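Here the structure comes first, spelled out in C-alpha cells, and everything after it is commentary.
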Amino acid sequence: MMIHPEGYIDMIKDKSYENLLKERDVLIARICEFEESMDKPKDERWLISPDPEVVYQCNLMYLAKLCELIQETYNRVYVWGE
C-alpha cells in the first residue's frame, strides 16, 4: 500500500539533511529502475501489487515533496543556522 506524499514527508521530516539526501538517492534509484524496465513488455516487468506504474507515480510525488523538504532543511541548517 502506498501512502499519501504528505504522510511520507511526516515519516521523514525529522531526519538530518544528510539522511534526506540519502532518501532522495533511494527514490531516484527506484524511479530509474522503473524507467529502465519500460522497454520490457508489461507482463515481463513485475507481477506485484500495487502496480509498478502506481509505485512509479507515487515515487515521483514523494521526490517532489522530498526536494521541498531538503530545500527547507538546508536553509534552516546552513543558511539560518538553526
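The values are calculated or read from the model by the stated rules, or taken from the named source; none is laboratory data. Given the structure is predicted, the values throughout are model-derived calculations rather than measurements. No Cβ is skipped: glycine too gets one built from the backbone with ideal geometry, and neighbour counts run over all protein chains shown. In case anyone asks, the SASA skips ligands and DNA or RNA and just uses the protein heavy atoms, side chains included. Shrake-Rupley method; radii C 1.70, N 1.55, O 1.52, S 1.80 Å.
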Worksheet item: If the Cβ limit is 6 Å and pairs must be 6+ apart or interchain, which residue in the stretch 58-81 that is farther than 11 Å from residue 23 by Cα and touching a residue at least 60 places away in the same chain (Cβ under 8 Å) pairs with which residue that is in a helix (DSSP H, G or I) and open to solvent by less than 90 Å² (accessible area, probe 1.4 Å)?
Response: 65/5; 65/9; 69/9; 77/17
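Table: residues versus (1) open to solvent by 40 Å² or more (accessible area, probe 1.4 Å); (2) assigned to a helix (DSSP H, G or I).
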{"position": "15", "(1), (2)": "yes, no"}
{"position": "18", "(1), (2)": "yes, yes"}
{"position": "36", "(1), (2)": "yes, yes"}
{"position": "50", "(1), (2)": "no, no"}
Worksheet item: Which condition does residue 30 not pass, out of (1) assigned to a helix (DSSP H, G or I); (2) open to solvent by less than 70 Å² (accessible area, probe 1.4 Å), if it passes all the others?
Response: (2)
